[in-house]
Amino acid sequence: MIQINEHYTKLQSSYLFVEIARRVETFQQRNPDRQIIKLGIGDVTRALTPTVIAAFHAAIDEMARDESFRGYGPEQGYDFLREAIVAGDYRPRGVDVHADEVFVSDGAKCDTANIQELFDSAITVAVPDPVYPVYVDTNVMAGRTGAWQDGRYEGLVYLEGTPANGFVPPPPERAVDLIYLCFPNNPTGAVADVERLAQWVEYARSHKALILFDAAYVEFIRDPQIPHSIFEIPGADEVAIEFRSFSKTAGFTGTRCAYTVVPRACTAYRADGSGHSVRDLWSRRQTTKFNGVSYPVQRAAAAACSQEGRRELRGLSDYYLENARIIREAMQAIGYSCSGGLNAPYIWVDARGAGSWDLFELLLEKAGVVTTPGSGFGRCGEGFIRISAFNHRERVQAAVQRISSALS
Ligand SMILES: *Cc1c(COP(=O)(O)O)cnc(C)c1O
């Protein structure tokens, strides 16, 4: 008898986006003439930049000739991209990362999903609340949780992000082994300063724990005091892995390229307490299960890391951050307090005592604007909505005008 992985049956259906789609559909049927504006999406809307496109085209032309054709490349990524990442993303911040610590992949979603398989099934896992659901569901699949109860999985430690801690949860009192952190945060838009990250690094060092640091939105940081990498914190290389992606930073959501940095010093432990290199485990995993990112995509990504490429990316993120400013100021002007949106493309709006779905419905009914109810990201998201700055300027302007005139 072929038996299923029973842990999959504990998973909750992705109720959130299904329910949003259902409500939008109902609204549209009742109001066929009203144009809906979607500020719920976590996907970029602007095209790849000229430098990236030129490199992409040139690489495809190389693939068209026998002399320059490429077949399988190194599973960990071509050296030209790994070097470009070190030179473009780390060296300018004074962070000592080596090219052989950089693992190129086709997405931070799969990397943050796959990394947990390097670790024992009995470890204690801490996840943020509100959370990017990948961190939770992949640990459920691996059998690290009990059943779903009252909106949470038994056996997980939830790190609560609240207005009181500025949505940057402090380390827990109890010991945990694996910690997921995401800054700038999806969905709250919160960023962590040096002091808060240093607390986490110290915690991980004293508990022999490991931090998984998701920096998918690093390109949106504007505050010079905010660290871009967890490796800016001394000692983090022994206790942290960092995930980055070209998706949100360079418009690669449909092109697919990301990378994970696993420092040589990063250590996990065997049952007998002896240390083991996490980098070697990840390298073994990737070379066994993954066959690399396509050559043209890696050339396109390397172009994004060049000086000209980075200038263009700055233009992209400036555009979305201006959208974020417009949204944030409009919501504040009609009396909603907001966080995020300054160093992140998401604005986290306090529903002023209403439920997440109540404010979602109000904005849909009165303004025809679709947002994302915070409750869909976890219990601590109840009472908030997420508004995304990923859209065209005219739509953002139209959306805030509608919201302002309908609600003020
Ligand atoms: C969008 C996003 C990613 C990036 O995923 P890709 O697979 O690289 O497109 C990673 N983490 C978070 C929190 C995200 O929102």
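The calculated 222 nm mean residue ellipticity attributable to helices in the chain amounts to -11500 deg cm²/dmol, summing -39500 (n - 2.57) over DSSP H runs of n ≥ 4 and dividing by all residues. In terms of overall dimensions, the C-alpha atoms belonging to the chain reach 59, 54, 53 Å along their principal axes, ordered largest to smallest. Across segment 295-303, rounded Karplus estimates of 3J(HN,Hα) from the backbone phi angles (6.51 cos²θ - 1.76 cosθ + 1.60, θ = phi - 60°) give 4, x, 5, 5, 5, 4, 5, 4, 5 Hz, Gly and Pro being marked x.
With both labels modelled 7 Å from their Cα along Cα-to-Cβ, the Ser277 to Ile334 distance reads 5.7 nm. Under 5 Å between amide hydrogens, built in the peptide plane, is the criterion, and for Gly107 it picks out Ala258 among residues at least 5 positions away or on other chains. Inter-label distance, Gln307 to Asn31: 5.1 nm, where each label sits 7 Å from its Cα along the C-beta direction.
For segment 271-387, dividing the convex hull volume of the Cα atoms by the residue count gives 216 Å³ per residue.
Give the cross-link partners of Lys366 among the aspartates and glutamates, using a straight C-alpha distance below 20 Å as the criterion and excluding same-chain residues fewer than 8 apart. Reachable aspartates and glutamates: Glu19, Glu25, Asp33, Glu329, Asp350, Asp358, Glu394.
Taking every protein chain into account, the accessible area of the chain amounts to 44 square angstrom per residue (probe 1.4 Å).
Straight-line cross-link reach from Lys289 at under 23 Å between alpha-carbon atoms covers these lysines, not counting any fewer than eight positions away in the same chain: Lys109.
Computed from backbone phi, the HN-Hα couplings of segment 318-328 come to 4, 4, 5, 5, 5, 4, 4, 4, 4, 5, 4 Hz, rounded to whole numbers (Karplus: 6.51 cos²θ - 1.76 cosθ + 1.60, θ = phi - 60°; Gly and Pro given as x). With all protein chains in place and a 1.4 Å probe, the accessible surface of the chain carries 50 percent carbon and sulfur. Here the calculated FRET efficiency for Arg285 and Glu83, from their Cβ-Cβ distance with R0 = 22 Å, stands at 0.45, rounded to the nearest 0.05. Under 20 Å from a label point 7 Å along Cα→Cβ of Ala47: give me every residue in segment 391-408 with its amide N that close. Only 391-396 pass the distance filter. Applying 1/(1 + (r/R0)^6) with R0 = 35 Å to the Cβ-Cβ distance of Ser405 and Asp223 gives a FRET efficiency near 0.60. In order along segment 147-152, the Karplus-derived 3J(HN,Hα) couplings, from 6.51 cos²θ - 1.76 cosθ + 1.60 at θ = phi - 60°, round to 7, 7, 9, 6, x, 9 Hz, and Gly and Pro are given as x. In the elastic network of the chain, a GNM with C-alpha springs shorter than 10 Å, the most mobile of Ser339, Ser245, Ser13 is Ser13. Quote the relative contact order of the chain in percent (integer), defining contacts as alpha-carbon pairs under 8 Å separated by 6+ residues. Rounded, it is 23 percent for the chain. Counting 0.36 nm for each residue step from Arg270 to His98 and taking away their Cα separation leaves a gain of 59.4 nm.
The values are calculated or read from the model by the stated rules, or taken from the named source; none is laboratory data. Keep in mind that this is a model prediction, so the values were computed, not measured. Don't worry about glycine lacking a Cβ; one is built from the backbone with ideal geometry, like all the others, and counts go over all protein chains shown. Side chains are part of the model used for accessible areas, which takes the heavy atoms of the whole protein and leaves out ligands, DNA and RNA. Shrake-Rupley method; radii C 1.70, N 1.55, O 1.52, S 1.80 Å.
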